[in-house]
């Protein structure tokens, strides 16, 4: 039997042969059929070798996995080729032995790939020892029976592999639950204990139960934590081994892990030992690897964390997959070795790159295990951060510690995606230390940093910005004296006594009993009183102190606390109070509410000074606002006459009043009867209604309010006066103001003290009755002349700017006219639409031969008082062509405002309700649009064009393109090429161009010439010389048709010659396509082709052909890309 094997595997086989001879007497009944085949290489579809034939023979030995029943691949007809039949048979075989072949590598169904796991099982499948069985008997209560399950196949124990399955044992409980404390395992076979780094117990879901154990002197270990087998149920557990990192001196040894005992108080029945797989030690197979590092999410230092800390990252590692294979992370087991108990922690979860996974806590509260379901794949060379995070909650955990380690490297369970073996992370070299996180060579493998749990602490006490500096009143309770913010961590705290120092600018000298603050209370974040009221006590100088002996409880987090009290009436205007407190010395008996511990505030030794409060008497200043200004108005309802400003910014308390007298001054022939329904507004709220609306008289008018109006201290309130104005005439004037000493009763809201208001007398703004006016002009947004296609809709052709004087006007209709009578007709227009921004507000249709139309607006178009608004005119154009709206192209469509129609443009005054006709007699003059069946677009092309001037024939001087609009073909019959050469000089010599020609192409690569009668795409006959002006008329040898929507590409070619000067030859050649400055003067809209028609002569092919005799030709005026000065030029230089 010929096999291709490598040198390492040959050595391995030799070692196995020697060991086999030493263990002849062992109870290992190897079947002849299994010994016949040994697979050293992976096999897959498409391969051809002798191992494939042996594989087919193995498959054919079982009817359930035969390759074929007849022909190639059938029993006796095996071949060397691994085809689809062989792959299908391998899948059947893998599925049959799934628990031994697929499960160890995380697969649930066969793949057809005969890899390491399949080979290992096939190599030893017939050498699997049988497990002694006993007759099935009923299990008594408080008892458990032990039996062997389907065992893993014999395979390899590869160095550094973890959780390699050896033996499966099924435990069946009787009529009551059974607790199994551990399972005793014994190493067997011709091997040494040190082939294992540890032995572990795996649950049915693959999760590890307990920690890895090592063997005692009897080669035994008790594995697993206590677990329960429920009454009348079975539970199958797996004994697995973690291979040592270096097995080079132990390769070839054969080892087993037998179950020899069950540690439980229940009665045990069944036969032991239970023998599983016997694996061959292998040191040559290179399985996947993973490197480790401290994660950036690991604190990596000892910190003090308060009770109540949430979402703290206790420890973290970073795993990076090696280059051999992808790595699948399956579970991780954290070991909490700090002094806190499990109940001191909550919401402990494992995070992988920010995704949270639940943990399962061991019975002793020290191990937190996370199983990642089907696993998390880490691609080769890439890494993932893994950390453990949770909350510190224990009421008695202050002074304890939290420390999350990983006891052994195998507590991070990973498997390789290619070979399926468990992967063990490497040992570290650091030294365990509480201050930092380290990977060590022993245990714990990962040593996390220690975190100390502290009781509650006050992080900061600071001035509360939200309790701003403000004015306060005398003899008024609950005046704001100051505010502070407490930021508390860990646990709530209580403070039994709090002292505040109050510094004041008055009274001078020693404070007296009659000049101190009284009824001072402390208010919490919710506005409730948490301490007080108490009276201040005079201290030194002008200082006083406020002492609260109420126990105040501060909750976790930030909270703002406000002091309020009563200022004595003896304190004068302008006096100030500044309240401060020093927590370290003025807050006493501070206790944690969770731990009961005494909390130190020694770090808060700086006095916290709150915002300054200024004593102000109640005050109100009344003025007439500067807006609205004096202006012309018209009669109407709810006209705004004046705004009154009520200023309490310098008041110590809120003030209120219920009536205010305002003055009316009349001018011209105005009378008070013209003014009615006068009301004051606070924003949108009407303050006087019904019987409180005064009958207006010239002079003083008292406005009585429906409700008392309050103006908050520190604020300014604006009241607006609106009245109806009727029966008046031009130049009458009306002014509402306020007298210098009006009779107003103003009082303090809290104190009820009278307030002497300050009034700035003013007649108010003068409103003059004017005449409404509506004017119209052309707006600057009106577009310039443009060429468009027939059938276009929504083409913007103009903008009209409307102005309304003295009142807002709702436009009702607009008079329009079709100008350019010599070159347009109503037939060219389908309709005109009018727009207010994006909203259509009207339309107009020019019917028959009429050149005038009036649009009655269907939508609201309101022009603001003394303001402007633009109405946009858009047109829907008729189609051009034989039998269509217009048969010829070239119509110039311009729609303008008709100023001669005095009543055609009108609006309605918003206030007066009267009809207002336009006052602009001049027509507008729009540029208009030229309507063509189709049109060209010209563009300069530089792709592939060199700017270096070379003196030789056939030089590309210029490249450009012409695109026909999608509306139709266009014809081209003449170009004008402008060529300018540099001036001759004695030093540089002369540069000249001759033999000018134009070629046309259908592609941008200039490789496919146009067809037709043109030779090699040359559409312009060669021009032998250049005219002195630089313009060269290049008439096409025959009209060129460019199809609709297509682009043709052109190059201008010439022969360049240079005559050297005294210093050599140098010069430039600049080329462009000349444009046209005006539309041609024609007897009709379009003309026949003639060389004098323009610099760029083209046809929209309205008559469907490009015949030069058709009245269908024009020039390039305002064609897109071809301005009157020509296209962008291109210069060749040397």
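No value in this document is a laboratory result; all are computed from the given coordinates. A quick note: this is a predicted structure, and the numbers were derived from the prediction, not measured. Virtual Cβ from ideal backbone geometry, glycine too; neighbours counted across all protein chains shown.
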Computed lengthening from residue 374 to residue 487, 0.36 nm per intervening residue step minus Cα-Cα distance: 36.2 nm
All Cα pairs of the range 936-1133, percent lying beyond 26 Å: 32 percent
Cα convex hull of the range 254-380, projected area averaged across orientations, nm²: 12.4 nm²
R0 of 30 Å, Cβ-Cβ distance residue 286-residue 214: FRET efficiency to nearest 0.05: 0.70
Cα centroid of the range 159-188 to Cα centroid of the range 694-749, whole Å: 95 Å
Residues 613, 932 arranged by fewest to most Cβ contacts within 10 Å: 613, 932
Label point at residue 1078 placed 7 Å out along Cα→Cβ; residues across the range 784-821 whose backbone nitrogen lies under 13 Å: none
Inter-probe distance in nm under a simple model that places probes 7 Å from Cα toward Cβ, at residue 535 and residue 358: 6.4 nm
Whole-angstrom gap from the range 332-367 to the range 197-218, using each part's C-alpha centre: 20 Å
Distance (nanometres) between label positions extended 7 Å along Cα→Cβ at residue 730 and residue 391: 8.0 nm
Theoretical gain in end-to-end length, residue 866 to residue 710 [0.36 nm per residue, Cα-Cα removed]: 52.6 nm
Reduced Cα scattering model of the range 544-665, Debye log10 I(q)/I(0), q = 0.16, 0.17, 0.21 Å⁻¹: -0.98, -1.05, -1.31
Estimated FRET transfer efficiency when R0 is 51 angstrom, pair residue 343-residue 62 (beta carbons, to 0.05): 0.35
Approximate spin-label separation residue 631-residue 810, in nm, with each point projected 7 Å along Cα-to-Cβ: 2.0 nm
Calculated [θ] (222 nm, deg cm²/dmol) that DSSP helices of n ≥ 4 give over the chain, each run adding -39,500 (n - 2.57): -1500 deg cm²/dmol
Calculated log₁₀ intensity ratio I(q)/I(0) where the Debye formula runs over C-alpha points of the range 621-769, q = 0.09, 0.14, 0.19 Å⁻¹: -0.27, -0.64, -1.13
20 Å binning of all Cα-Cα separations within the chain, expressed as whole percents from 0 upward: 9, 18, 14, 21, 28, 10, 0
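For residue 758 and residue 697, calculate 0.36 nm times their separation in residues minus their Cα-Cα distance, and state this gained length in nm to one decimal.
Stretched out fully, the residue 758 to residue 697 stretch lengthens by 19.5 nm.
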Residue exposure sequence - 320, 821, 845 - by fewest surrounding Cβ within 10 Å: 821, 845, 320
Angle between the chain longest axis and helix 7-22 axis [Cα atoms, degrees, rounded to 10]: 30 degrees
Whole-Å semi-axes of the range 340-498's equivalent ellipsoid (Cα gyration tensor): 48, 19, 15
For a label point 7 Å along the Cα-to-beta-carbon line of residue 786, residues of the range 1111-1133 with backbone N under 13 Å: 1119-1121
Set of the range 67-101 residues, backbone N closer than 16 Å to the point 7 Å along the Cα-Cβ line of residue 236: 95-101
Distance between the range 398-433 and the range 767-846 - C-alpha centres, whole angstrom: 80 Å
FRET E, pair residue 70, residue 109, Förster distance 25 Å, beta-carbon r, rounded to 0.05: 0.35
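Using Cα pairs closer than 8 Å and at least 6 residues apart in sequence, work out the relative contact order for the chain, in percent.
6 percent
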